[in-house]
Amino acid sequence: MDIEISNDETTYSYDFPQHLCHMCGKCCKAITTPYSYEELFNLAKEGQEEAKVFVEVFKRYDSVEDAKKAVPDHVENILKQLKKNNPNLDESKVTFYYCPYLQEDNKCSIHATRPDCCRRAPRNGWSLFPPGCGFKGWQFQQKEKVKATVRKLKEYQLELELLPPDTFIKTRNMTAVELVEYIDDRIKPWEKYGAKYW
């Protein structure tokens, strides 16, 4: 069984096609995270690298309304998705950021030394792209690759469940039941994207 999937969905972006970027700059003008600014600040103090980048590199908009003025369609798109995931979302609690290094021509003035979070963007096929983004086709392909891998893992799990639980799988150095649990762990991060139904 050579099927492998990371349990960290951020590592699944590969073969990133830079040439697809339309250079609209919207993704750099409206950025958000699941954390409040205070939570990010505390995570940064604890050494969490991405939190440190947000606190040290990106600048906060004073309000959601200010972010909407800068990039209305992208901010509305993000808020729509957040509300889909959380119907009780309080918009005023969402913090948007922008990159101060984005130039007027939408090029990055620190491109050669940009933070890792920028180098890895988009993180995976479930990243929220601005309307009209050139990565939409790439996004679909990435989602389909993940779904295909998850389906193969589930098929393998079903085969393992037909075996006595203590059957030893030499190629994995695990029992059948341990391997089923291992596969569950690999699939779990994708459940928030609907992996239970793939």
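Quick note: the coordinates plus some simple rules give every number you see, no bench work behind them. Bear in mind the structure is a predicted one, so any value in this text is a computation, not a measurement. Please note: Cβ atoms are built from the backbone with ideal geometry, for glycine as well, and neighbour counts cover all protein chains shown.
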Listed with the fewest Cβ neighbours within 10 Å leading, LYS69, LYS26 appear as LYS69, LYS26
proj_area_mean for the chain (convex hull on C-alpha atoms), units nm², value 13.6
Charge dipole of the stretch 140-197 built from unit charges on the beta carbon (Lys, Arg +1; Asp, Glu -1), centred at mean Cα; most positive-end Cα among PRO189, VAL146, GLN157 is VAL146
Per the beta carbon screen (other Cys under 4.7 Å), unpartnered cysteines of the chain come out as CYS21, CYS24, CYS27, CYS108, CYS117, CYS118, CYS133
Quick shape check on the stretch 24-108: root eigenvalues a ≥ b ≥ c of the Cα gyration tensor, a/c under 1.5 is rounded, otherwise prolate if a/b tops b/c, else oblate, and it reads oblate
Exposure-ranked with fewest Cβ neighbours within 10 Å first, LEU20, LEU158 stand as LEU158, LEU20
